[in-house]
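Scroll down for the structure; my scribbles are underneath it.
The values are calculated or read from the model by the stated rules, or taken from the named source; none is laboratory data. Since this is a predicted model, take the numbers as computed values, not measurements. A quick note on method: Cβ atoms are made from the backbone with ideal geometry, for glycine too, and the neighbour counts reach across all protein chains shown.
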Amino acid sequence: MRVALFVTCLADAMFPQVGRATVELLERLGHEVVFPEAQTCCGQMHINTGYQREALRLVEHHVDSFAGFEAIVAPSGSCVGSIRHQHAGVARRAGRVALSHRAEELGARTYELSEFLVDVLGVTDVGARYPHRVTYHPTCHSLRMLRVGDRPLRLLRAVRGIDLVELPGAEECCGFGGTFALKNADTSAAMLGDKLRNVLSTGADVVSAGDSSCLMHMGGGLSRLSSDAGAVTRPVHLAEILAAT
Amino acid sequence: MTSVFLGMPVYAPRGVGALRGDMPFPEAARVALGNDQLRRNLGHATSTIRGKRAAVVAEVPDWEELRLAGEAVKAATMARLPDLLVRLEEQVTARGGTVHWARDATEANAIVLDLIRATGAAEVVKVKSMATQEIGLNEALAEGGVTAWETDLAELIVQLGDDKPSHILVPAIHRNRTEIRDIFRRTMPGADALSDEPRELAMAARAYLREKFLTARVAMSGANFAVAETGTLAVVESEGNGRMCLTLPQTLITVMGIEKVVPTWTDLEVFLQLLPRSSTGERMNPYTSLWTGVTPGDGPQDFHLVLVDNGRTAVLSDPAGRAALHCIRCSACLNVCPVYERTGGHAYGSVYPGPIGAVLSPQLTGVADNASLPYASSLCGACFDACPVRIDIPAMLVHLRNRHVEERADRPVPSPEAVAMAAMSWVMTKPGRFRRAEKLLRIGRLLGRRDDRITALPPPMSAWTATRDLPRPPAQTFRDWWRSRPAAPVDSLVEEDDR
């Protein structure tokens, strides 16, 4: 089928390998990927920081950018969470009823990657091969906004050569939380410290997740630890593992 | 009612009660995070309660239906709160009680002090109550020459330690047993040789409190619920101290937030299932005391119910925030909150800490007086999942952040954050602008030249790089890679006339 990629602004600018992996994966599964180049940012950061007025323009832009596409996939649980569960409300509260309906419709055909693979395409074995020790962190918005459940783990379990190890305290937040990481930096760092202790306790080479933002946070902490104490675990997005052969 | 309210609802007044802290959350949190003992006490206690709760919730097959019922009953109650309160007043009065209406903490404290003075008592015993903590009743009574004794074990620890509660259900959660032993040794007569064995500590408190129970002529309580159809009050507890207070003294004064009313006994049944499993992780709490007005010859012969607003009508007036009034004070959200677990309750400044405090306190006081609290969350959503009445706390936090930003938007000089947000919004509504911004970002590559990581940045990003690195921006964005692909579909390209 024809799939529109919403790469997310963060992956576009900072983690292009995540977008490339998503494209390669979907094409390998025999689907046509298009990239609507008008896309920019879903506005999640604006909404969650309290700037709904500024976010409204981004919501409208996002809805316009993806009008006419049947299925939209994004390699991010939190951006899809915002599109599906916040966009219509931002428009509605601003009195933009028509936009609110369009946002609601768009939310219903926008999927997080693991949802799209398992629910829409009906695959759990995507033919990947990844011979590494991996632990998986279920990001909060995938888990509790989108309820992706064990879909990412089902996909990972089908990967050839993978040594998948359970992450203790997996469902606890890594402490990112968007601007929370800046506004409450000490608390965020304390949460991250506990998360990384659990990650390192698994002895995994790779910590994976479905959100580049949470991975940037965990990766930023791991990178700092590696310069201090030689930690070797590295962050890798779910899409990159599933694209690997 | 003695007066008719006209105009906008008012917030809880300043200068009385315990809804406002001394410093913003991030600063208070920094202090708490530096206390290793506190972190250990909290981590141990919250993980124990979390485990118990998860086990007893999992064994209820219709837990989700119960939550939906709890949510529905509360929403229906708030929709006709004035009628239900008047009904409650009628029923309590008909059964020999007296109902008092207090607009705020100051009025409530004055009513209670007058009632106690009328009895001539200089000491009162108290059942644990959030409402009386909220309005600063003990302090007001002390100023009026009345000593109030807390009889809940943890509240007693807090009171004797000259401390503040840090949890709704377990107010001394920040203390371990060695610290408690030291407090008892210091303050209880004859407790010099006390060990830190929990049984020995409990027995010491029991002996200490027994004397208070048997001599007190006046008791104070809060209420978990008030059933409007019969005027029945309910207190749910674990230690039996509540039962003592509610039955032994001659006079009973109950202070209750106006949101605690439920329409009928059938509604009460829902909450008596939801509350113990969510709060203490028990199937049923040991003591549920229910009383209706005055029963001649049995229990308190003089009963007063003080209904307190203290900002609740203001909460009710915000459709996107009013569900905070549905809270039954179980504290499940505190126990699952990764922020609360690390900072403890004192960091929130208010007597209502944790996720529910972060949405309730700013609404009771006005957002400006608790402006840092809506941001004291990573929006991880664990609170919403744990809430027995399904309060969507993350959505409410986002709403209150927006209220805060909108209130500040009237200022002549916008905050640097507001400028940055507006600039980003401007950039991101045009793909051409966004592409050029991405190109600018690539200047950041100069920063991490040596080992592909950025370890220091100027404010505000220094808050990030204090403990975390950032990767070096990539040489090629996804967008540029897509354009460089030989097979890039032509129909997805947009014109570059979007400057």
**Request:** Being surrounded by fewer than 24 Cβ atoms within 10 Å (Cβ to Cβ) and either among the polar types (S, T, N, Q) or out of contact with any Ser or Thr (no Cβ under 9 Å at 6 or more places or on another chain) (or both) is the filter here, so list the residues in region A:27-39 that pass it.
**Result:** A:GLU27, A:LEU29, A:GLY30, A:HIS31, A:GLU32
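What residue, of A:GLY221, A:GLY169, is surrounded by 21 or more Cβ atoms within 10 Å (Cβ to Cβ), under 28 Å from A:THR49 (Cα atoms), free of Cβ contacts under 8 Å to residues at least 60 places away in the same chain and in contact with a helix residue (DSSP H, G or I) (Cβ under 9 Å, 6 or more places away or on another chain)? Before the answer, list the steps.
Working: A:GLY169 fails: surrounded by 21 or more Cβ atoms within 10 Å (Cβ to Cβ).
Sole residue among the options that is surrounded by 21 or more Cβ atoms within 10 Å (Cβ to Cβ), under 28 Å from A:THR49 (Cα atoms), free of Cβ contacts under 8 Å to residues at least 60 places away in the same chain and in contact with a helix residue (DSSP H, G or I) (Cβ under 9 Å, 6 or more places away or on another chain): A:GLY221.
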**Message:** Can you report the number of residues in region A:1-48 which are within 10 Å of chain B (Cβ to nearest Cβ), under 21 Å from A:ALA209 (Cβ atoms) and outside any helix (DSSP H, G or I)?
**Reply:** 7
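Are any of the residues in region A:98-106 at pLDDT 95 or above, out of contact with any Cys (no Cβ under 6 Å at 6 or more places or on another chain) and crowded, with 21+ Cβ neighbours inside 10 Å?
Keep residues of region A:98-106 that are at pLDDT 95 or above, which gives A:98-106.
Okay, now just the ones that are also out of contact with any Cys (no Cβ under 6 Å at 6 or more places or on another chain), so A:98-106.
Of the ones still in play, those that are also crowded, with 21+ Cβ neighbours inside 10 Å are A:103, A:106.
Yes; the residues of region A:98-106 include at least one that is at pLDDT 95 or above, out of contact with any Cys (no Cβ under 6 Å at 6 or more places or on another chain) and crowded, with 21+ Cβ neighbours inside 10 Å.
On the given criteria, is B:SER361 hydroxyl-bearing (Ser, Thr, Tyr), buried (at least 22 other Cβ atoms within 10 Å of the Cβ) and within 18 Å of B:HIS326 (Cβ to Cβ)? Write out each step before concluding.
Numbers: hydroxyl-bearing (Ser, Thr, Tyr): yes; buried (at least 22 other Cβ atoms within 10 Å of the Cβ): yes; within 18 Å of B:HIS326 (Cβ to Cβ): yes.
Here the answer is yes, as B:SER361 does meet what is asked.
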**Asked** Would you call B:ARG342 within 14 Å of chain A (Cβ to nearest Cβ), within 23 Å of the chain's Cα centre (by Cα), surrounded by 22 or more Cβ atoms within 10 Å (Cβ to Cβ) and not acidic (Asp, Glu)?
**Response** yes
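State all residues of region B:337-373 that are among the charged types (D, E, K, R) and closer than 18 Å to B:HIS399 by Cα; if no residue qualifies, say none. Give the steps one after another, and end with the answer.
Going residue by residue through region B:337-373, those that are among the charged types (D, E, K, R) are B:341-342, B:369.
The answer is B:ASP369, and nothing else.
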**Request:** Using the structure shown, decide if B:GLU71 is assigned to a helix (DSSP H, G or I), at pLDDT 95 or above, in contact with a Lys or Arg (Cβ under 7 Å, 6 or more places away or on another chain) and under 15 Å from B:PRO388 (Cα atoms).
**Result:** yes
**Prompt:** Here are some conditions: (1) within 23 Å of B:CYS327 (Cα to Cα); (2) touching a Leu at 6+ places or on another chain (Cβ under 9 Å). B:GLU237 meets all but one. Which one does it not meet?
**Reply:** (2)
**Message:** Let me spell it out: the conditions are (1) part of a loop (DSSP other than H, G, I, E, B); (2) surrounded by fewer than 18 Cβ atoms within 10 Å (Cβ to Cβ); (3) away from every other protein chain (no Cβ under 14 Å), and B:MET23 meets all of them except one. Which number is the exception?
**Reply:** (3)
**Message:** All but one of (1) within 20 Å of the chain's Cα centre (by Cα); (2) farther than 21 Å from A:THR8 by Cα; (3) away from chain B (no Cβ under 14 Å) hold for A:GLY210; state the number of the condition that does not hold.
**Reply:** (2)
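For residues that are of a type in the set (D, E, K, R) and touching a residue at least 40 places away in the same chain (Cβ under 8 Å), scanning just region A:30-89, find the one that is nearest to B:ALA422 (Cα to Cα).
As a first pass, look at region A:30-89 and keep what is of a type in the set (D, E, K, R): A:32, A:37, A:53-54, A:57, A:60, A:64, A:70, A:84.
Then keep just the ones that are touching a residue at least 40 places away in the same chain (Cβ under 8 Å); that gives A:53, A:70, A:84.
Working: A:ARG53: 9, A:GLU70: 31, A:ARG84: 23 Å.
Selected residue: A:ARG53.
Listed here are the residues, each with its yes/no results for (1) surrounded by 13 or more Cβ atoms within 10 Å (Cβ to Cβ); (2) assigned to a helix (DSSP H, G or I); (3) not β-branched (Val, Ile, Thr).
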{"position": "B:ALA423", "(1), (2), (3)": "no, yes, yes"}
{"position": "B:ALA437", "(1), (2), (3)": "yes, yes, yes"}
{"position": "B:ARG449", "(1), (2), (3)": "no, no, yes"}
{"position": "B:PRO458", "(1), (2), (3)": "no, no, yes"}
{"position": "B:THR467", "(1), (2), (3)": "yes, no, no"}
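How many residues does region A:54-90 hold that are more than 15 Å from A:GLU37 (Cα to Cα) and assigned to a helix (DSSP H, G or I)? Can you show your working first?
So the first thing to find is which residues in region A:54-90 are more than 15 Å from A:GLU37 (Cα to Cα), and the list is A:54-57, A:59-60, A:70-71, A:75-90.
Filter again for assigned to a helix (DSSP H, G or I), leaving A:54-57, A:59-60, A:77-85, A:87-90.
So the count comes out to 19.
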**Item:** Extreme residue, surrounded by the most Cβ atoms within 10 Å (Cβ to Cβ), among residues of region A:178-204 that are under 25 Å from A:HIS85 (Cβ atoms) and free of Cβ contacts under 8 Å to residues at least 12 places away in the same chain
**Value:** A:ASN184
**Asked** Mind checking which residues of region B:459-499 are modelled with pLDDT of 90 or more and of a type in the set (Asp, Glu)?
**Response** B:ASP469, B:ASP480
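If only one of A:SER223, A:SER188, A:SER201 is more than 10 Å from every other protein chain (Cβ to nearest Cβ) and hydroxyl-bearing (Ser, Thr, Tyr), which one is it?
A:SER201
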**Pairs with Cβ under 7 Å, 6+ apart, first in region B:426-450 and more than 9 Å from every other protein chain (Cβ to nearest Cβ) and under 19 Å from A:GLN39 (Cβ atoms), second aliphatic (A, V, I, L, M) and surrounded by 14 or more Cβ atoms within 10 Å (Cβ to Cβ)** = none
**Complete:** If you go through B:VAL315, B:VAL308, B:VAL336, the only one that is farther than 18 Å from B:MET256 by Cβ and β-branched (Val, Ile, Thr) is B:VAL336
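Where in region A:91-185 are the helices (runs of 4 or more DSSP H), entirely inside, with at least 3 residues that are away from chain B (no Cβ under 14 Å)?
Values: elements: A:97-108, A:151-157, A:180-183.
Once the helices (runs of 4 or more DSSP H) in region A:91-185 are filtered for at least 3 residues that are away from chain B (no Cβ under 14 Å), what remains is A:97-108, A:151-157.
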**Request:** State whether one or more residues within region B:165-179 are buried (at least 17 other Cβ atoms within 10 Å of the Cβ), assigned to a loop (DSSP other than H, G, I, E, B), modelled with pLDDT under 95 and in contact with a Lys or Arg (Cβ under 7 Å, 6 or more places away or on another chain).
**Result:** yes
**Item:** Matching residues in region B:235-265 - criterion: being out of contact with any Phe, Trp or Tyr (no Cβ under 9 Å at 6 or more places or on another chain), of a type in the set (S, T, N, Q) and in contact (Cβ under 8 Å) with a residue 60 or more places away in the chain
**Value:** B:GLN250
